[in-house]
1. Kindly express, to the nearest 10 degrees and within the range 0 to 90, the angle between helix 12-23's C-alpha long axis and the longest C-alpha principal axis of the chain.
2. Work out which GluC sites (Glu not before Pro) in the chain are exposed loop sites (DSSP not H, G, I, E or B, at most 15 other Cβ within 10 Å) and give the longest gap free of them.
3. Counting DSSP beta bridges in the range 5-125, what percent are antiparallel, to the nearest 5?
4. Could you tell me which of P25, G96, T45 has its Cα farthest along the dipole of the range 5-125 towards the positive end, charges placed at Cβ (Lys, Arg +1; Asp, Glu -1), taken about the Cα centre?
5. Can you give the charge dipole size of the chain about its Cα centre, rounded to the nearest 20 debye, using +1 on the beta carbon of Lys and Arg and -1 on the beta carbon of Asp and Glu?
6. Show the residues, 5+ positions off or on another chain, whose built amide H is closer than 5 Å to the amide H of G96.
7. Summarise the accessible area of the chain (1.4 Å probe, protein heavy atoms) by the percent that is carbon and sulfur.
8. Can you match Rg/Rh (Cα atoms, Kirkwood Rh) to one of these, (1) 0.98; (2) 1.05; (3) 0.93, based on a calculation from the structure here?
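The values are calculated or read from the model by the stated rules, or taken from the named source; none is laboratory data. As the structure is a computational prediction, the values presented were derived from the model and not from experiment. Heads up, the Cβs are rebuilt from the backbone with ideal geometry, glycines too, and the neighbour counts pull from every protein chain shown. Areas reflect the complete protein model, heavy atoms only, side chains present, ligands, DNA and RNA absent. Shrake-Rupley method; radii C 1.70, N 1.55, O 1.52, S 1.80 Å.
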Amino acid sequence: MIDHLGIAVTDHAKARDFYLSVLAPLEISIVMEVSAEQTGDQAHTGFGNQAKPFFWITGGKKVAAPGTHIAFGAQSRGAVDAFYRAALSAGAKDNGAPGLRPHFHENYYGAFIIDADGNNIEAVCHTPAA
């Protein structure tokens, strides 16, 4: 089981606002923030739920190799749709509109976007449509 993961972003404030908007439909919000002054290096923002940060962004450093793929679980297909709309509204690029991906499995419903740093971010629901 993965406890948490993090990605580097070039503009921490911009990425913070982006992910705050994009992850809201998935019921993921900011759980913890650590300032550059506290770390002596870069600012960090931890997103999660139930007081547990599991997705971190670290800002200020040039991203050496964009292209990380992260998939967030969604409780419903509607939440996947809302994630996708929020991401595009926040400036993300489309990398796959919401829909079934039966090549993974019959109920795999996902949407893919590319963030400002080139990361492939997905929301996925694995349950059948209600």
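1. 20 degrees
2. Excluding the exposed sites themselves, the longest stretch runs over 28-105.
3. DSSP beta bridges in the range 5-125 are roughly 70 percent antiparallel.
4. The listed residue farthest towards the positive side: G96.
5. So the dipole magnitude of the chain works out to roughly 180 debye.
6. Long-range HN contacts for G96: F112.
7. Result for the chain: 54 percent of the exposed heavy-atom area is carbon or sulfur.
8. Here the calculated entry is (1).
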